[in-house]
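Everything below concerns the one structure shown next.
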Amino acid sequence: MKEKLFLDTNVVIDLLGERDPFYVSAAKIATLADKGKIQIFVSALTYSTVYYLLSRFENKEIVKEKIRKFKVIAETSDLTDMIIDKGLASKFSDIEDSLQYHSAVKKECNIIITRNSKDFKESEIPVLTPDEYLTKINGR
């Protein structure tokens, strides 16, 4: 069974914004998904955040096209009333992180991939940085 990775918004921004030095690791994970070796998931919330942030620095149509291409390899976890309610009731200090976490739970993800592991200290799902994940799978 394929691993189901939930990508936090910062990893998607690293990928689509080609942010150094984080881009390479994010691109390697995206390539694994493109080859069908893993499944990647993101919250519906991620798309609006990525668009908002990247369109401040890039042409809006180019950002939309990057998101369209990313959607081919990523599955979306809908932001439902249930996820919002769970997010509001959780012990996470940041609501956005809580919504991301509960979106990952909804899709039964095995691992959350983020550059801000400390934001997910309440997580019952393992949390790794992109580099940690790549080290883990290459060490098998």
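The values are calculated or read from the model by the stated rules, or taken from the named source; none is laboratory data. Quick caveat: nothing in here was measured; it's all calculated off a predicted structure. Don't worry about glycine lacking a Cβ; one is built from the backbone with ideal geometry, like all the others, and counts go over all protein chains shown.
Restricting the first member to the range 96-119 and to residues that are among the charged types (D, E, K, R), and the second to residues that are modelled with pLDDT under 95 and surrounded by fewer than 16 Cβ atoms within 10 Å (Cβ to Cβ), the beta-carbon pairs closer than 7 Å and six or more apart or on different chains are 119/94. Just one of the listed residues (60, 4) is modelled with pLDDT of 95 or more, farther than 17 Å from residue 73 by Cα and not small (Gly, Ala, Ser), namely 60. Across the range 101-134, the number of residues qualifying as over 12 Å from the mean Cα position of the chain (by Cα) and of a type in the set (A, V, I, L, M) comes to 3. Looking only at residues in the range 120-140 that are among the hydroxyl-bearing types (Ser, Thr, Tyr) and in a loop (DSSP other than H, G, I, E, B), the one that is surrounded by the fewest Cβ atoms within 10 Å (Cβ to Cβ) is 129.
For the range 92-106, the set of residues classified as in a loop (DSSP other than H, G, I, E, B) and either of a type in the set (Gly, Ala, Ser) or surrounded by fewer than 17 Cβ atoms within 10 Å (Cβ to Cβ) (or both) consists of 93, 94, listed by residue number.
Is it true that residue 117 is surrounded by fewer than 19 Cβ atoms within 10 Å (Cβ to Cβ), in contact with a Leu (Cβ under 8 Å, 6 or more places away or on another chain), of a type outside the set (Phe, Trp, Tyr) and closer than 19 Å to residue 5 by Cβ? When the stated conditions are applied, residue 117 passes them.
Meeting the requirement of 2 or more residues that are over 25 Å from residue 136 (Cβ atoms), the helices (runs of 4 or more DSSP H) wholly within the range 1-69 are 44-54.
Looking at 77, 98, just one residue is more than 26 Å from residue 135 (Cα to Cα) and touching a strand residue (DSSP E or B) at 6+ places or on another chain (Cβ under 6 Å), and that residue is 77.
Inside the range 70-91, residues that are basic (Lys, Arg), assigned to a helix (DSSP H, G or I) and surrounded by fewer than 13 Cβ atoms within 10 Å (Cβ to Cβ) make up a count of 1. Under the condition of being farther than 19 Å from residue 87 by Cα, small (Gly, Ala, Ser) and under 14 Å from the mean Cα position of the chain (by Cα), which residue from the range 18-57 is surrounded by the most Cβ atoms within 10 Å (Cβ to Cβ)? Per the criteria, the residue is 26. Taking the stated definitions as given, is residue 103 small (Gly, Ala, Ser), in contact with a Phe, Trp or Tyr (Cβ under 9 Å, 6 or more places away or on another chain) and at pLDDT 95 or above? Judged against the criteria, residue 103 is a match.
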